[in-house]
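So the structure is just underneath, and the comments pick up after that.
What follows is calculated from the coordinates using simple rules that are stated; it is not laboratory data. It should be emphasised that the depicted structure is a prediction, and the values quoted were computed from it without experimental measurement. Note that we place each Cβ from the backbone using ideal geometry, even for glycine, and neighbour counts take in every protein chain shown.
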């Protein structure tokens, strides 16, 4: 071979080395395989499920004000894959004892100026998680200006996604608050009807595999993100919030000193059973600090405002709702907006003392607002500074108040995310439970801050009480939520109206509404029924609600399809509760197996022959384990087995 020939071969060989630096990591069972590489200076990844591609060549990287990690990248090395394990307990999730196992691999990269970035992947049998880590030291603040992460689905993929609302729109400019109806079973890449992107969790079906995309481990240094609304060829790019979604006078973009890790990007993948039973959203969240969390007690609450609105926030009505909670063996009563002027602190203290004699704890509403919305409700502005929060929380603790509901947040910018966390950190020393309303998705915060009992971030039952259009959509909407919004994070939907809604024709049956008490997950479940409505309910339904567990030990997906049907079993101790709702206006004859529950008999509550009625019968599982249940149009059922 001549020198010229050897030189020509060398020119061919060099690009082959620099063009495709890639390697892979697989889940413990080998179901999921992730490949990461750099081509032409740009980082990418792809994911296969059972040997079939479900995420195609997708981008990785970000840009900072003073550093570019979007191109000019090279892989300088990889760590050997290791097995990571974690276990934790929680009383605010679909399971009480959770074990997480994943294969972890780190890719080390540098950019054209020598700055370093690690890309960390953890691949479990139910999905993938990845984040960016910047290992160098810095004395100054680094600001991320853009994240280039994408999720490139197959061209035939379908989407079940909720549009992000536009900042500063809605009632009193209170958007965004994650309160839109889902766009369902549309081609992946469909543009958002509101133009502001898509929220998490976003559900897709790619190559007959279900994928649920979200994020977790928000520590206040990063903004919350969403997916861009104008996708191209089924490729979704991570997007930052509207710059107006900020705490007064502060910033929207992520910022921190180095070293620094971004939040985890999560893609749960597998069957619908995988989605419904996964705990990835809390598996990757930061653990809670070691402290005394014994004051955190999940439970149920009565709540006058949902049916009776503003005029119910008076002393006598609240005392009646305390009695209602006591009669139903519920642990809390929520006093909503304007209590400070309609009732006053002194009389609230009287109510708290009275409630304590009934073993009921009082929860109080607050407006979060600074200048980011114009809502008129109060107490207002008491949450804005550390000093004012400490003063108010100390006062509430001395009054015997058990928790706060804080409403009307202003979006997802970095400073607003930090505001949420500041509230949580200030509430904990005063043993106050927290409920965020008009708020962002909590993204696993309930693991890091166990006193975060619930968050709205959903078009909840209050929308049903406001207008017939939302009432008409309720059956389908609720059948979406177990596969999207409520998969990982507690959801304050405020469910379960068993009798009637004033001035609204409810489209769901009473058994459908009862089923939501089991189907939906929330650390405190604020029920939408009133004392007068509960008076029309059979005693066996009341007893069911009086003895319903306050948290769950295990979960099993039984049957379902987003927006059409959801049947899920939850275990507490040795009892299984099977809850089912029909999201469509047609009767369904269901046949499914309960053999995995290892029980044989119990009771089933279904819809009765008359409207707004119930029927209870003894329920026996045959030796085959297969049971048959007929569900009315927009109807439901609950089964209790032990």
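Rounded to the nearest 10 degrees, the angle from helix 386-399 to the longest Cα principal axis of the chain is 30 degrees.
Using Cα-only point scatterers and the Debye equation, what is log10 of I(q)/I(0) for the stretch 307-393 at each q in 0.16, 0.17, 0.18, 0.22 Å⁻¹, rounded to two decimals? These q points yield log10 I(q)/I(0) values of -0.67, -0.74, -0.81, -1.07. Projected label points at residue 316 and residue 101, each 7 Å from Cα along the beta carbon direction, are separated by 6.3 nanometres. Each principal axis of the Cα atoms in the stretch 465-510 has its own extent, and those three values, largest first, are 34, 19, 16 angstrom. Protection proxy ranking, highest mean first, for peptides 101-113, 475-487: 475-487, 101-113, where packing is the per-residue count of other beta-carbon atoms within 10 Å, averaged.
What is the angle, in °, between the Cα long axis of helix 315-327 and the longest principal axis of the Cα atoms in the chain? Nearest 10 is fine, range 0 to 90. Helix 315-327 sits at roughly 80 degrees to that axis. Remark: 385, 617, 279 ranked as 617, 385, 279, counting other beta-carbon atoms within 10 Å and listing the fewest first. Debye-formula intensities of the stretch 496-642, expressed as log10 I(q)/I(0) at q = 0.08, 0.10, 0.18, 0.20 Å⁻¹, are -0.20, -0.31, -1.08, -1.35 (one equal scatterer per alpha-carbon, no solvent).
Using the Kirkwood radius built from alpha carbon pairs, what does the Stokes-Einstein equation give as D for the stretch 111-203 at 37 °C and 0.692 mPa s, in µm² per second? Calculated translational D: 195 µm²/s. Based on C-alpha pairs under 8 angstrom that are at least 6 apart in sequence, the stretch 131-272 has a relative contact order of 35 percent.
If you plug the beta carbon distance of residue 561 and residue 610 into 1/(1 + (r/R0)^6) with R0 = 30 Å, you get a FRET efficiency near 0.55.
Each peptide in 376-382, 437-443 receives the mean, over its residues, of other Cβ atoms within 10 Å, and ordering these scores from highest gives 437-443, 376-382. In plain terms, the chain from residue 546 to residue 387 could stretch by 53.2 nm, reckoned as 0.36 nm per residue minus the Cα-Cα distance. Averaging the Cα positions of each part gives two centres, and for the stretch 461-481 and the stretch 496-563 these lie 14 Å apart. To test your reading of the geometry: what angle, between 0 and 90 degrees and rounded to tens, separates the Cα axis of helix 510-519 from the longest principal axis of the chain? Around 50 degrees separate the two axes. Panel order for 54, 586, 314, by other beta carbons found within 10 Å of each beta carbon, from fewest to most: 586, 314, 54. Treating each Cα of the stretch 552-636 as one equal point scatterer and applying the Debye formula with no solvent, the log10 of I(q)/I(0) at q = 0.20, 0.21, 0.22, 0.26 Å⁻¹ comes out as -1.00, -1.09, -1.18, -1.45.
If you take the beta carbon distance between residue 617 and residue 295 as r and set R0 to 45 Å, what does 1/(1 + (r/R0)^6) give as a FRET efficiency, to the nearest 0.05? The pair residue 617/residue 295 has a calculated efficiency of 0.65. Taking the helices alone, the chain has a mean residue ellipticity at 222 nm of -6000 deg cm²/dmol, built from -39,500 (n - 2.57) per DSSP H run of at least 4 residues and averaged over all its residues.
The C-alpha radius of gyration of the stretch 527-580, expressed as a fraction of 2.2 N^0.38 Å, stands at 1.37. Between residue 250 and residue 82, the modelled labels are 3.4 nm apart [label points 7 Å from Cα along Cα→Cβ]. Cβ-to-Cβ counts within 10 Å put 353, 292 in ascending order as 292, 353, the fewest first. Placing a label point 7 Å from the Cα of residue 139 along the Cα-to-Cβ direction, the residues of the stretch 238-259 whose backbone N falls under 18 Å of that point are 256-259. More than 23 angstrom separation, counting every C-alpha pair in the stretch 478-567; what % is that? In whole percent, the share of Cα-Cα pairs in the stretch 478-567 beyond 23 Å is 25.
Here the simple spin-label model places points 7 Å from the Cα toward Cβ, and for residue 271 and residue 468 these points are separated by 4.2 nm.
Protection proxy ranking for 389-396, 577-584, using the average of other Cβ atoms within 10 Å per residue and placing the highest first: 577-584, 389-396.
Averaging 1/r over every pair of different alpha carbons in the stretch 251-304 and inverting the result gives a Kirkwood radius of 15.9 Å. A viscosity of 0.890 mPa s and a temperature of 25 °C, combined with the Kirkwood radius over C-alpha pairs in the Stokes-Einstein formula, give the stretch 268-335 a diffusion coefficient of 157 µm²/s. Subtracting the Cα-Cα distance of residue 586 and residue 345 from their residue separation scaled by 0.36 nm leaves 81.7 nm. Distance distribution note for the stretch 379-439: the fraction of Cα pairs above 14 angstrom is 54%.
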